[in-house]
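Encoded as structure tokens, the structure appears first; notes follow it.
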Amino acid sequence: MNAIEVREVSLAYDTPTGRVDAVLGASFATAPSEFLCIVGPSGCGKTTLLNMIAGFLVPSAGEILIGGRPVSGQGFDRGIVFQDFAQLFPWRTALENVAFGLEMKGVPRAERERVALEQLRLVKLEKFAASYPHHLSGGMQQRVAIARALAYNPGVLLMDEPFAALDALTRDEMQRLLAEVWRETRKTVVYVTHNVAEAVYLADRVVVMSAHPGRIRAVVSIRLPRPRDALSVEFLQYQKELLGHLTRQEEA
Amino acid sequence: MKALLSILVAVILYELLARSGWFAAALVPTLPTIARTLWGMLGDGSMERHALNTLARVFAGLAAAALTGLVLGFLMARYRAVERFFSPLVSALMPIPSLAWAPVFILWFGLGNVATVLIVFYAATFPMLINTWTGARAVNTLWLRAARSMGARGPALFWKVVVPGASPFIITGLRLAFQRAWIAVVGAEMLAASAFGLGWVIFDAKEFLNADVMLSSLVVIGAIGLAFERLVFGSLERATVLRWGMVRAGRT
């Protein structure tokens with residue numbers, strides 16, 4: 001699994017009202033197989049930062065390394081899951097969606113279907129392999145998206161608020177499932193969220209960002225045994241600590 | 001069932017009118033007269049020959065129009081230069097009725113199939129072009145991002161994401177193109193076809209005041225149009241975009 005290094009990365013763009021620093025001088029690094037969450041209010045540049053790691057945006061300064069190699073464009077070393085359920089291809093079944101990356105890699109059909117089915121089993125959806133996305137619930141569609149991002153075996157998994165559009169009950173279930181998937185696959189994960197409890201539940205470390213300009217305010221290590229108990233005193237203390245960083249920046 | 005009922009009501013109203021005695025029987029023939037004429041023309045094979053001629057012209061024109069519309073539509077959506085060049089041409093040519101070209105085409109190519117097919121082609125190209133162009137631009141950017149992150153580039157991205165992603169528009173374009181082509185071919189045959197074809201039958205029958213022949217031909221024109229609309233395009237939609245949930249069926 002690859003480590004990610006973000007070195008003094010900035011992204012600025014010009015608007016009619018002047019120059020905006022979406023991200024300013026962000027630096028952090030992950031260990032291989034680390035689960036890193038980025039939290040922050042909307043507009044803090046957390047998604048922009050993720051999009052730069054994904055290769056959709058090019059930093060205006062600084063550099064990003066994955067497994068020691070500078071990022072340029074998209075590649076098979078990263079898997080990406082978005083927030084919107086519409087990310088799945090509606091004209092492909094769950095299995096065909098998951099097999100897409102392998103198809104692009106030129107893996108023969110029988111082999112890629114075998115691997116795709118394995119990935120669907122990992123997210124507990126093997127029974128729905130032949131279903132089209134519009135017949136699946138939102139939570140199931142996001143599980144297919146996770147399986148799809150993992151199927152071609154990237155070292156890094158990038159996730160942009162993948163459970164934000166789900167109801168609370170499904171979200172809890174999905175977080176448990178993701179923690180399990182992560183434990184089994186040992187991917188390096190960068191997970192963007194605005195939900196503090198979600199970050200404490202999932203992350204080894206949490207990067208807290210603030211808006212205008214988008215800056216890293218704090219990095220907090222979550223030293224709790226897994227699986228984590230969201231009702232334990234320590235869990236709530238971490239939530240409080242993160243919220244403290246988030247509200248302090250609003251006053252500043 | 002509802003469709004049958006509405007057709008039945010219309011037919012009964014026509015029959016009452018034909019039997020009212022307000023019009024000359026030769027001009028407004030009763031349904032049994034039309035049926036007898038139609039049966040006779042079907043029996044000696046002449047109606048089939050006319051219909052096949054018309055269908056051949058429609059498909060020649062439609063095939064050329066679909067190809068032109070698809071290729072140009074995708075190119076316009078993909079390349080700004082192509083769009084800038086063709087967009088004003090499309091705006092200028094589209095409002096001209098295809099039949100207005102009939103005398104010009106006849107002058108250039110004489111009476112016969114070339115002029116007829118060209119008129120059909122002209123009528124069918126624009127709906128195909130506009131829909132492909134719009135459809136390609138309306139493809140969800142999330143699909144493109146997801147596909148690129150999974151290594152899809154160039155032709156693979158086009159065939160496996162852009163084309164299926166634009167398919168609801170493309171199918172609608174094809175459907176409208178067929179309707180326009182079917183309308184145009186009848187008019188074109190009246191003006192430009194030297195012999196054979198359902199439109200020519202109507203025009204020719206005028207010389208002999210054969211209203212029953214005209215109406216028989218009209219019945220066949222309507223029936224073929226209806227069959228294509230319901231069977232061909234209906235099943236095409238059910239097999240693709242409806243099945244994928246990319247468009248919804250109307251509520252019952």
Query raised in the report: So how do B:D204, A:D229 line up by other beta-carbon neighbours within 10 Å, fewest first?
Result: A:D229, B:D204
**Report entry** Student exercise, chain B dipole from Lys, Arg, Asp, Glu Cβ charges, in Debye to nearest 20
**Finding:** 1500 debye
**Report entry** Listed residue (B:G61, B:G199, A:S131) projecting farthest to the positive dipole end of the protein assembly as shown, Cβ model
**Finding:** A:S131
Report summary line: Everything considered on the Cα gyration tensor (a ≥ b ≥ c; rounded for a/c under 1.5, else prolate if a/b is larger than b/c, else oblate), segment B:101-252 must be described as oblate
Query raised in the report: Comparing A:T15, A:T30, A:T47, which has the greatest mean-square fluctuation in the GNM of chain A with Cα pairs linked when under 10 Å apart?
Result: A:T15
Requested in this report: Only Cα pairs under 8 Å and at least 6 apart count here; give the relative contact order of chain A as a rounded whole percent.
Outcome: 27 percent
Report summary line: Note: B:136-146 gets an average of partner chain Cβ contacts (10 Å, Cβ to Cβ) equal to 4
Query raised in the report: For A:I80, which sequence-distant residues (separation of 5 or more, or a different chain) have an amide H within less than 5 Å of its own amide H, given hydrogens modelled in the peptide plane?
Result: A:L158
Query raised in the report: Quick one: Karplus J couplings for segment B:147-161, per residue in order, coefficients 6.51, -1.76, 1.60, θ = phi - 60°, nearest Hz, x for Gly and Pro?
Result: 5, 5, 5, 9, x, 6, 9, x, x, 5, 4, 5, 6, 9, 10
Query raised in the report: Any idea which of B:G45, B:W244, B:V90 is furthest toward the positive side of the dipole for the protein assembly as shown, if Lys and Arg beta-carbons carry +1 and Asp and Glu beta-carbons -1?
Result: B:W244
Query raised in the report: Residue by residue through segment B:224-232, which ³J(HN,Hα) values in whole Hz follow from phi under the Karplus form 6.51 cos²θ - 1.76 cosθ + 1.60 (θ = phi - 60°), with glycine and proline marked x?
Result: 5, x, 4, 4, 5, 4, 6, 7, 5
Query - Where N is the number of residues in segment A:85-153, Cα Rg divided by 2.2 N^0.38 Å - result: 0.95
**Report entry** Per-residue average of Cβ from other chains inside 10 Å of A:90-97
**Finding:** 4
Report summary line: Once normalised by the length of segment B:64-197, the mean sequence separation of its alpha carbon contacts under 8 Å that are 6 or more apart gives a contact order in percent of 37 percent
Query raised in the report: Magnitude of the Cβ-charge dipole of the protein assembly as shown, K/R +1 and D/E -1, about the Cα centre, nearest 20 debye?
Result: 440 debye
Report task. Please average, across the residues of A:72-79, the number of beta carbons from any other chain that are within 10 Å of each residue's own beta carbon, and give a whole number. Result -> 3
Query raised in the report: List the aspartates and glutamates whose alpha-carbon lies under 18 Å from that of B:K206, not counting same-chain residues fewer than 8 positions away?
Result: B:E189
Query - Relative pair counts by distance (%), Cα atoms of the protein assembly as shown, 20 Å bins - result: 19, 38, 24, 15, 4
Query - Gaussian network model of chain A, Cα within-10 Å springs - most flexible of A:A12, A:A199, A:A168 - result: A:A168
Report task. Find the relative contact order for chain B and round it to a whole percent, using C-alpha pairs within less than 8 Å whose residues are 6+ positions apart. Result -> 26 percent
**Report entry** For segment A:123-174: rounded, prolate or oblate by the Cα gyration tensor [a/c cutoff 1.5]
**Finding:** oblate
**Report entry** Net charge of Cβ neighbours under 15 Å - reference B:G225; Lys, Arg +1; Asp, Glu -1
**Finding:** +2
Report summary line: segment B:86-142 and segment B:207-252 have their Cα centres apart by a whole-number Å value of 21 Å
Report task. Taking the Cα centre of segment A:85-153 as origin, work out the dipole magnitude from +1 charges on Lys and Arg Cβ and -1 charges on Asp and Glu Cβ, in debye rounded to 20. Result -> 100 debye
Report task. Indicate, rounded to the nearest 5 percent, the antiparallel portion of the DSSP beta bridges found entirely in chain A. Result -> 55 percent
Query - Cα centroid separation, segment B:1-48 to segment A:113-179 (Å) - result: 60 Å
Report task. Please report A:R78, B:R57, A:R171, A:R183 as a ranked list, fewest other C-beta atoms within 10 angstrom at the top and most at the bottom. Result -> A:R183, A:R171, A:R78, B:R57
Query - Dipole-positive endmost among B:L31, B:G154, B:I224 within the protein assembly as shown (Cβ charges, Cα centre) - result: B:G154
**Report entry** Charge sum, other residues only, whose C-beta stays under 14 Å from A:P225's C-beta, Lys/Arg counted +1 and Asp/Glu -1
**Finding:** +1
Query raised in the report: So which residue, out of B:W133, B:W182, B:W143, gets the largest mean-square fluctuation from a GNM of chain B using Cα contacts under 10 Å as springs?
Result: B:W143
Report summary line: Over chain A, the sum of -39500 (n - 2.57) across DSSP H runs of at least four, divided by residue number and rounded to 500 deg cm²/dmol, gives at 222 nm -11500 deg cm²/dmol
Query raised in the report: So what's the net charge close to A:F28: Lys and Arg +1, Asp and Glu -1, counting the other residues with Cβ under 10 Å from its Cβ?
Result: +1
Report task. For the pairs A:K127/B:K160; A:K105/A:K127; A:K187/B:K160; A:K127/B:K2; A:K127/A:K240; A:K187/A:K240, note any where the Cα-Cα span goes beyond 31 Å. Result -> A:K127/B:K2; A:K127/A:K240
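Here, each number is a calculation from the coordinates, and none is a lab measurement. All values reported here derive from a predicted model rather than from experimental measurement. Every residue, glycine among them, receives a Cβ derived from its backbone with ideal geometry; neighbour counts consider all protein chains shown.
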